[in-house]
1. Among the residues of segment 18-58, what is the count of those that are open to solvent by 70 Å² or more (accessible area, probe 1.4 Å), of a type outside the set (Val, Ile, Thr), in a helix (DSSP H, G or I) and over 23 Å from Lys212 (Cα atoms)?
2. Considering only segment 101-120, state which residues are away from the ligand (no atom under 16 Å from the Cβ), open to solvent by 20 Å² or more (accessible area, probe 1.4 Å) and on the phi < 0 side of the Ramachandran plot.
3. In segment 59-104, how many are within 24 Å of Thr41 (Cβ to Cβ), in a helix (DSSP H, G or I) and over 17 Å from the mean Cα position of the chain (by Cα)?
4. Of the residues in segment 184-207, how many are surrounded by fewer than 20 Cβ atoms within 10 Å (Cβ to Cβ) and either within 16 Å of the ligand (Cβ to nearest atom) or among the hydrophobic types (A, V, I, L, M, F, W, C) (or both)?
5. Out of all the residues in segment 23-57, which are within 16 Å of the chain's Cα centre (by Cα) and of a type in the set (S, T, N, Q)?
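The values are calculated or read from the model by the stated rules, or taken from the named source; none is laboratory data. Everything numeric here is computed off the predicted structure, so don't read it as measured data. Cβ coordinates were reconstructed from backbone atoms using ideal geometry, including for glycine residues, and neighbour counts include every protein chain displayed. In case anyone asks, the SASA skips ligands and DNA or RNA and just uses the protein heavy atoms, side chains included. Shrake-Rupley method; radii C 1.70, N 1.55, O 1.52, S 1.80 Å.
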Amino acid sequence: MARINPEKLKSLLKVYFIAGSTNCLEDPCIVLEEAIRGGITLFQYREKGSNCLDGTEKLVLGRELQRICKNNGIPFIVNDDIEMALELDADGVHIGQEDEDAQEVRKKIGDKILGVSVHCVKEVEKAKLAGADYFGVGPIFPTETKKDTRAVQGTALIEELKDFEIPIVGIGGITADNASLVMEAGADGVSVITAISHADDVWEAADRLRRKIYN
Ligand code: 3NM
């Protein structure tokens, strides 16, 4: 296996849905199936927050979500938990600045997709050298989902990153109503939790977001 081609990755990052059991108002497997039906292009399993699953339960849910992704040709990325990503043979991992060092993670995961959250050009340069395949830039807008985010940064860093030739997704408070701003700034895609997972109609929410991205 070789590292993923950036152009291929850009097409996969367009409608990037992130969720775990604590984000979903119903069975996460049903939420994921509906989101896929609505047109998401990539899924990240992020099992975080109060009352989140741990140990075997976390792994079992991950395996179910991964099976749904596989059946639908959607890449399955694991947030933060490298051991679980390796155990499940996930398509990739996403790490933050507070997680394990990106260079160490790259060594462990070989050619799997590596996403790194970044907040300034210095972090971007370091992540690029460490072997990141894409950057997550946020929080673009205020978000209630992650309590320990950096300051809201708008789209300024996305605009600055055009020369880095690494795919970029925006994250934080993104909805169908503001997604165009993120794309117009130069992002290759948007990653969302609440805009899809909390929707009354998950299919409709994913479809609305997809139509904004592909307009
Ligand atoms: N990371 P929502 S913001 C997981 O800024 C995450 O790095 C962020 O959730 C960052 O779409 C965030 O519900 C939460 O706002 C995104």
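1. The number of residues fulfilling the criteria is 1.
2. Within segment 101-120, Asp101, Gln103, Glu104, Arg106, Lys107, Lys108, Asp111, Lys112 meet the criteria.
3. Looking only at that region, the number is 7.
4. Number satisfying all stated conditions: 4.
5. Selection gives Asn23, Thr41, Gln44.
Here's the yes/no breakdown for (1) away from the ligand (no atom under 11 Å from the Cβ); (2) touching a His at 6+ places or on another chain (Cβ under 8 Å); (3) open to solvent by 10 Å² or more (accessible area, probe 1.4 Å):
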| position | (1), (2), (3) |
| --- | --- |
| Val124 | yes, no, no |
| Asp133 | yes, no, yes |
| Gly136 | no, yes, no |
| Ala151 | no, no, yes |
| Thr155 | yes, no, yes |
| Glu159 | yes, no, yes |
| Gly170 | no, no, no |
| Arg211 | yes, no, yes |
